[in-house]
Amino acid sequence: MRHFAVVGSGPAGFYTAEALQKAFEGHARIDIIDRYAVPYGLIRFGVAPDHQSLKAVSKRYDKVAESEGVDFIGNVTVGRDVSVAELLDLYDAVILAIGAPHDRKLGIPGEDLPGVIGSAEFVGWYNGHPEFADLDPPLGGTHAAVIGNGNVALDCARILSKTRAEFEGSDIVGHALDALDQSAIRTITILGRRGPHQIAMTPKELGELGHLEAASPIVDGADFPPVEADDALEPGQRKSITILREFVATPADPAKPKRMVFDFFAKPLRIEGDGKAERIVVERTELDEKGAARGTGETYEVPASLIVTSIGYSTPPIDGVAYDERGGKFLNDGGKIGDRLFAVGWARRGPTGTIGTNRPDGYEVADRIAAELPPGGSSDRPGAQGLKALLDSRDVLPTDYDDWRKIEETETANARLGSPREKFVRVEHWLGTLGR
Ligand code: NAP
């Protein structure tokens, strides 16, 4: 029997567990360890609450969690409760699947003013992430801005624009729903440092903006190259640009009180305000020969009392694990960090790709592990038994599959507004449900 520890229970962790199960055909015990008592990482805390169809992928992970040889061990933080070196003593291989939960910084003056919030924090707040339950984003002003032209920026802008009714059937947490319902924000400016052809937004997500109940997308045709230039784009990107061009051609609906303004070729220089964010000073850009944003020297101000920066994420370093500072991920070669130590998902590749991208990624690393530790072989490492003894000696109380189900059942029972569930937003709530 082989013992594997998968650290992190998001998509990357679950696809890797599934792949290891297949590769080792009943000759492996796989422990999926998470710092929280409930699994699924990005699916629970990252995917937008109004994108329930994307969250449905967790059904596949349920099957893995319920299968023979796989255990969920929650409420254990690797790097604090147990070190990676200790896990390597206990298990045949350790696979780090901890994602990239930290916001990248813009590195401009004023970024630390109150009112400037990273998208991981903002998304975490409306998704019930316990670290961000008290974020209390300022929604009392009329202007907000989102910096970045990726799908996360789009998620944040859309959530800011939606009405209470539009959240029906979502699993947005109650505190965010109530706060957003009271929001005074009427203009949401999405700032991109490059142009429409360089966006990282996908067609389905962009298309949703055309059907918002209270907001109209506003796009300036002057930002676009001639339409023939679209022919050179790859098909998905061409579709996105076509949608943006449709927004150019559609006048703002006077019945909708909110505006979602795309401001392209706009590079934030600094954030200003009297003790809190009030405006972003932006420099107009153009594309240089390599397609990068080059400042033109022309500056202007974008008013905003809430500024969400959505410019990518990084993986937090863990003691003793080689780290790539520039890439914001573990230093690895095709998923291998060192002897019996691997990384998958965003912790391996950096924060790009869809949920599905993690599947081939996890399978590739599992194949590599199977090549190094031939299936059928065995070791005398103790796996979960040893881990539990070590945690016990440190007074750390792990949770298991039954605990997670109990928490989810209670959440579902608490649901309101036609929501799939009313998520708990604090670790104490989860543990309280378990009588701890
Ligand atoms: P992303 O797609 O990498 O987009 C990051 C954006 O930030 C880019 O527009 C980038 O512009 C901009 N940026 C980076 N540094 C900047 C700076 N210093 N100043 C101004 N702008 C800056 O990242 P993401 O939106 O966080 O998404 C992460 C991954 O999750 C992506 O693969 C995304 O597609 C995926 N995702 C998918 C969905 C969905 O399918 N519904 C939803 C959410 C996320 P440049 O291009 O100029 O660098």
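Condition first: aromatic (Phe, Trp, Tyr) and either outside any loop (DSSP other than H, G, I, E, B) or within 16 Å of the ligand (Cβ to nearest atom) (or both). Now tell me which residues in segment 7-54 satisfy that.
To start, the set of residues in segment 7-54 that are aromatic (Phe, Trp, Tyr) comprises 14-15, 24, 36, 40, 45.
Listed by number, the residues that qualify are Phe14, Tyr15, Phe24, Tyr40, Phe45.
Given the structure, is Val281 touching a residue at least 12 places away in the same chain (Cβ under 8 Å), within 16 Å of the ligand (Cβ to nearest atom) and surrounded by fewer than 22 Cβ atoms within 10 Å (Cβ to Cβ)?
The answer is yes for Val281.
Confirm whether Asp339 is surrounded by fewer than 20 Cβ atoms within 10 Å (Cβ to Cβ) and touching a helix residue (DSSP H, G or I) at 6+ places or on another chain (Cβ under 9 Å).
Yes, satisfied.
Consider segment 313-336. How many of its residues are within 14 Å of the ligand (Cβ to nearest atom), crowded, with 19+ Cβ neighbours inside 10 Å and either assigned to a loop (DSSP other than H, G, I, E, B) or small (Gly, Ala, Ser) (or both)?
3
In segment 250-278, which residues are touching a helix residue (DSSP H, G or I) at 6+ places or on another chain (Cβ under 8 Å) and surrounded by fewer than 14 Cβ atoms within 10 Å (Cβ to Cβ)?
Thr250
For Lys162, state whether it is of a type in the set (Lys, Arg), surrounded by 20 or more Cβ atoms within 10 Å (Cβ to Cβ), away from the ligand (no atom under 13 Å from the Cβ) and modelled with pLDDT of 95 or more.
Answer is yes for this residue.
Counting only residues that are within 16 Å of the ligand (Cβ to nearest atom) and either modelled with pLDDT of 95 or more or part of a loop (DSSP other than H, G, I, E, B) (or both), which one in segment 55-81 is nearest to Val7 (Cα to Cα)?
Val57
For segment 354-400, enumerate the residues that are surrounded by fewer than 18 Cβ atoms within 10 Å (Cβ to Cβ), in contact (Cβ under 8 Å) with a residue 24 or more places away in the chain and of a type in the set (S, T, N, Q).
Once the filter is applied, which keeps residues that are surrounded by fewer than 18 Cβ atoms within 10 Å (Cβ to Cβ), in contact (Cβ under 8 Å) with a residue 24 or more places away in the chain and of a type in the set (S, T, N, Q), segment 354-400 yields Ser378, Ser379.
The values are calculated or read from the model by the stated rules, or taken from the named source; none is laboratory data. Because the structure is a prediction, the values reported are computed rather than measured. In this analysis, Cβ positions are derived from the backbone assuming ideal geometry, glycine residues included, and neighbour counts consider all displayed protein chains.
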